1. Quick one: is A:SER271 more than 14 Å from chain B (Cβ to nearest Cβ), in contact (Cβ under 8 Å) with a residue 60 or more places away in the chain and either more than 30 Å from A:ASP11 (Cα to Cα) or not in a helix (DSSP H, G or I) (or both)?
2. Between A:THR45, A:THR64, which is at negative phi, within 14 Å of another protein chain (Cβ to nearest Cβ), in a loop (DSSP other than H, G, I, E, B) and modelled with pLDDT of 85 or more?
3. Within segment B:73-87, how many residues turn out to be buried (at least 23 other Cβ atoms within 10 Å of the Cβ) and either within 7 Å of chain A (Cβ to nearest Cβ) or not hydrophobic (A, V, I, L, M, F, W, C) (or both)?
4. Being within 14 Å of chain B (Cβ to nearest Cβ) and not small (Gly, Ala, Ser) narrows it down to one of A:PRO92, A:PRO103, A:PRO128, so name that one.
5. Taking B:ALA131 as meeting all but one of (1) under 18 Å from the mean Cα position of the chain (by Cα); (2) of a type in the set (A, V, I, L, M, F, W, C); (3) surrounded by 14 or more Cβ atoms within 10 Å (Cβ to Cβ), write down the number of the exception.
6. Being under 30 Å from B:PHE76 (Cα atoms), in contact with a Phe, Trp or Tyr (Cβ under 8 Å, 6 or more places away or on another chain) and surrounded by 13 or more Cβ atoms within 10 Å (Cβ to Cβ) narrows it down to one of A:LEU165, A:LEU131, so name that one.
7. Take A:GLU192 and tell me if it is assigned to a helix (DSSP H, G or I), within 14 Å of another protein chain (Cβ to nearest Cβ) and surrounded by 11 or more Cβ atoms within 10 Å (Cβ to Cβ).
8. Report, by residue number, each residue of segment B:177-216 that is outside any helix (DSSP H, G or I) and within 14 Å of chain A (Cβ to nearest Cβ).
Amino acid sequence: MSEGLDLNLGDIDGLEQVIDREALAEVCRSFFDLFGISIRVFSRTGALLSDVHEEQAVCRYVNTLSEGRRACGTTVTEVKHIGATDGVVVHPCFTGANYRVVPIEYHSRHVGRFVIGPYLPAERTEIPKTLLTVDPNIDADKAIAALGDMPRVREETALRIAHHLRNIVDLILFSSHRAHLTSEMHVASVRESYRELAEKNDALQSAYNRLKELDQLKSNFLATVSHELRTPLTSIIGYSEMLTSGIAGDLNEEQNEFVQTIHDKGDHLLSLIASLLDASKLEQGQLTLNRVPLDAGQLIRSVVTTIIPNAKKKGIAVESQVEEGVPTVIGDSIRIHQILQNLADNALKFTTKGGTIILGARATEMMDDDGGGFGAVLMAASKPAVEFRIEDTGMGIAQDQVERIFDAFYQVDGSSTREHGGAGLGLSIVKRLIEAHGGSIRIESSVGVGTTFFVTIPEAPDTFDL
Amino acid sequence: MQVDFTARELTVKLVYYGPALSGKTTNLQAVHELVSEDSKGRLMTLETRDDRTLFFDLLPLTFNSKSGLKVRVKLFTVPGQVIHSATRRLVLQGADGIAFIADSQRSETKANQVAFLDMQKNLRDNGLDPAKTPLVIQFNKRDLPDIRTDVELDALAKRGREPVYKAVAVRGTGVLETLIGLLERSWAQLETEHGLEEKFGLVPEEVLAEVRRQLGAVETEEGPQ
């Protein structure tokens, strides 16, 4: 069997559960004003919910007599004890008046009752004997005079009045019940939606935790594998070097060329492995920077020198544009060089014959929080910085790819037959190295026109103290 | 189902489920129109401004039985729109039987399927076994063009376990048949689970005959499609 909300959903136990007492009191008051008949509304359990009455003269009089008072008490008790299953009951009083007790049903359930009266049925023409004999000391004239003040209603009218009142109460009940259910459903729905969201959040959180674990595993794996690969590779490079240097005897030209190829490819492999190691170190935050003051112009010139031979081979012009007054950068010389070299190599890789590569540096300022945060106008402190610029006239990067090129292992051309090689780690390492220096990187690119990388490195990081 | 011994009444909860705009509320409105004054209560509709059901509709019906126990049947609808999933689950709690109101239009076939899967999920989430929940299926809107044909539906009905009813709820056609069919199935399940005949002297055939009489439905030999 079911329990809980579903059954309360459709049912009410009593009038008082949903009905507004103020509204009920108003209805009873206007009923009394209209017909002059007292009205009382009781809950299913017999509690009085509304009471608008006027003590009748005859009641006042008989209550001054001891037997009269007792008889009156008996009548009231009888009226109160009329049961829910008795239907509409017209209960006579010894004074000749009537009480009409009407059950209130809702959704075929008894939820309360109302009592109208006492009223004198208009059909009654005689003074009842029960009134005149209720007490030995009764003054018949006084009693008859007092009874004359009682409101007189024909039974048929009383029936219609009761019917009308029942309709009004039913309407109030229906509206109240509707409002009651609506608010219950609102609360229940919100609670249910909250529960659902909480469950989803938990699932997402555990998926996130799992991913973090996997990420950690991946980094560990990279570190281990790179390290293990490097050891035999060093031997390969070392032995091929020894062979070319003639330690093991002279090599003919062809042998020398083959061994040189082994050596070159070994070197290339070593640099790839070094990238992997860098990436995993950066991810785990294990990379330490050896910070020293660096001359930005010197850095640019050094990178230009390294790429010029290859640029000449490809027929690409290289320019250097270092502005006056570029400040000194505090950073790790090898790493900053690595950043610029990587971006310059990239520019060279994606620029075709006849193109131009420009490497520049200029003084700039940078904001603590990228300048876009809440209240940044007031809060962000600007600090001197150097902006390096690596500009090419290559193929460019589509706007939807720009955000992703810094992801590890991401390639703009992800196909297995892609034209340009590489592990897809370069830019991810570049970005992390820049961030490790407290700097930032941004890209301006348009497809077919070229790409410019702007690397901003603060003159001195916040935590750096010379 | 709920039994109140002091009030001598037994309450059965039936839910009209189905995709948005398939005619669940219209079914209840039609039942409300067709049922005699003595048996029905007011139809309560909790709707939004665009006349879509927000939480549910509720139609209480009351039947007397020979045993003296009052049988109250509460018909609920659920809101059809996908976003009201939490409400549907709440309304479905403790359902004794479900009438699935499907839209006969071909274009709505997918929506019917999605709603049916949603119902199964919500039943399970409420700890109810879909396979054991009394279910009837109504194909509504038989008066519209481009609907699945009678031949198709009859063939499908033969393959399925649930009785299939065809209806035009806006005209009241097939509405009482669906309700009575659902009550029959639900009562049979309640009888199996709770032994109503033995415990309360509620003889299934007598109760259902009385329901049919009070619903003003003519008893025919013809069953569902």
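1. Details: more than 14 Å from chain B (Cβ to nearest Cβ): yes; in contact (Cβ under 8 Å) with a residue 60 or more places away in the chain: no; either more than 30 Å from A:ASP11 (Cα to Cα) or not in a helix (DSSP H, G or I) (or both): yes.
No, not satisfied.
2. Values: A:THR64 fails: within 14 Å of another protein chain (Cβ to nearest Cβ).
On inspection, the qualifying residue turns out to be A:THR45.
3. Residues meeting the conditions: 5.
4. Values: A:PRO92 fails: within 14 Å of chain B (Cβ to nearest Cβ); A:PRO128 fails: within 14 Å of chain B (Cβ to nearest Cβ).
Step by step, each of A:PRO92, A:PRO103, A:PRO128 is checked, and only A:PRO103 is within 14 Å of chain B (Cβ to nearest Cβ) and not small (Gly, Ala, Ser).
5. Only one criterion is unmet by B:ALA131, namely (3).
6. Working: A:LEU131 fails: under 30 Å from B:PHE76 (Cα atoms).
One residue alone meets the criteria, A:LEU165.
7. On the way: assigned to a helix (DSSP H, G or I): yes; within 14 Å of another protein chain (Cβ to nearest Cβ): yes; surrounded by 11 or more Cβ atoms within 10 Å (Cβ to Cβ): yes.
When the stated conditions are applied, A:GLU192 passes them.
8. B:GLY195
The values are calculated or read from the model by the stated rules, or taken from the named source; none is laboratory data. Keep in mind that this is a model prediction, so the values were computed, not measured. Glycine gets a Cβ as well: all are built from the backbone with ideal geometry, and neighbour counts include every protein chain shown.
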